[in-house]
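Step one of this worksheet: look at the structure below.
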Amino acid sequence: MQQIRDLVGDMYMGSGTGCWAWKYESNGSFNVASIKKLLGSVDRVIPERSFEWNNWVPKKVAIVAWRAEMERLPTKCALIRRNITIHDNLCVLCGDFAETSEHIFVTCQFAQMVWQNIADWCNIPPIIAFGVNDLLDLHGAASRSRKKRKALHAVILVSIWSLWKLRNEAVFRQVNPSTTKVLDEIKAVAYLWVKNRSKMVALTWENWCRFEIGG
Ligand SMILES: [Zn+2]
């Protein structure tokens with residue numbers, strides 16, 4: 001009885017009907033901004049860098065790059081780490097090295113060839129990358145034009161997505177990987193997405209092939 005009294009001792013019982021109140025706002029009403037502020041004030045680990053999304057390409061495209069950067073794609077090495085039995089851990093594109101995200105997208109000679117061609121096409125210096133994060137950062141200083149930087153970022157995201165798609169076709173459908181085919185696909189698919197999603201109606205295929213992006 002004493003415990004109950006202690007519990008309810010400070011409580012004020014009015015005559016009106018009861019209601020819920022959010023105690024972190026003075027007016028008692030709950031909103032998302034309020035809980036966000038509350039959570040933000042609690043100690044937590046802030047990631048060193050955050051992934052930059054790009055609305056000129058579909059979400060599914062950027063998600064591959066996002067997972068690649070965290071080594072969260074189901075590559076052969078990732079599957080072995082999860083105790084899944086597979087025949088070998090070799091990259092299907094070159095056949096020489098262990099297949100990790102970093103290998104497929106950065107160090108594999110196949111990827112190197114793709115990046116070299118992308119650099120030539122987009123008029124940027126040769127791409128030197130040590131990790132997926134370097135690929136995702138290189139648009140930042142590539143041009144003074146914001147639209148050009150964003151278009152280059154879109155091209156990088158589409159390239160990573162296309163390389164992963166090509167890798168899957170080689171693994172699951174035994175398709176012979178071809179640099180020319182993947183480059184043609186990157187150029188064409190990225191053009192359609194960027195043109196339609198950026199609302200740059202004046203962007204012609206000829207402009208795109210010379211990487212002349214207005215603005
Ligand atoms: Zn390889």
Relative to the chain, whose Cα atoms define the longest principal axis, helix 109-121 and its Cα axis are tilted in degrees, nearest 10, by 90 degrees
Between Lys59 and Val175, what length in nm is gained on full extension when 0.36 nm per residue of separation is reduced by their alpha carbon distance? 39.2 nm
Among Ile156, Ile124, which comes first, then next, by fewest other beta-carbon atoms within 10 Å? Ile124, Ile156
Among Thr85, Thr107, rank each residue by its count of other Cβ atoms within 10 Å, from fewest to most, as a rough exposure measure. Thr85, Thr107
When the dipole is taken about the Cα centre of the chain, and only Lys, Arg (+1) and Asp, Glu (-1) are charged at their Cβ, what size is it in debye, to the nearest 20? 700 debye
Given the Cα-Cα distance of Glu52 and Asp88 and 0.36 nm per residue of separation, how much length would full extension add, in nm? 9.6 nm
How much length is gained on full extension from Lys147 to Phe30, taking 0.36 nm per residue of separation minus their Cα-Cα distance? 38.2 nm
What whole number of Å gives the distance from the Cα centroid of the range 155-215 to the Cα centroid of the range 99-139? 14 Å
Given Cβ charges of +1 for Lys and Arg and -1 for Asp and Glu, the option among Val92, Thr107, Leu183 whose Cα lies farthest towards the positive end of the dipole of the chain is Leu183
Place a +1 charge on the Cβ of each Lys and Arg in the range 152-215 and a -1 charge on the Cβ of each Asp and Glu, then give the dipole magnitude about the Cα centre in debye, rounded to the nearest 20. 160 debye
Could you check the simple spin-label distance between Cys209 and Leu38, using points 7 Å along Cα→Cβ, in nm with one decimal? 5.9 nm
Likely footprinting exposure, Tyr24, Tyr191, fewest C-beta neighbours within 10 Å first: Tyr24, Tyr191
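Laboratory data are not the source of any read-out in this text; all were calculated from the coordinates shown. No experiment lies behind these values; they were computed from the predicted model shown. Virtual Cβ from ideal backbone geometry, glycine too; neighbours counted across all protein chains shown.
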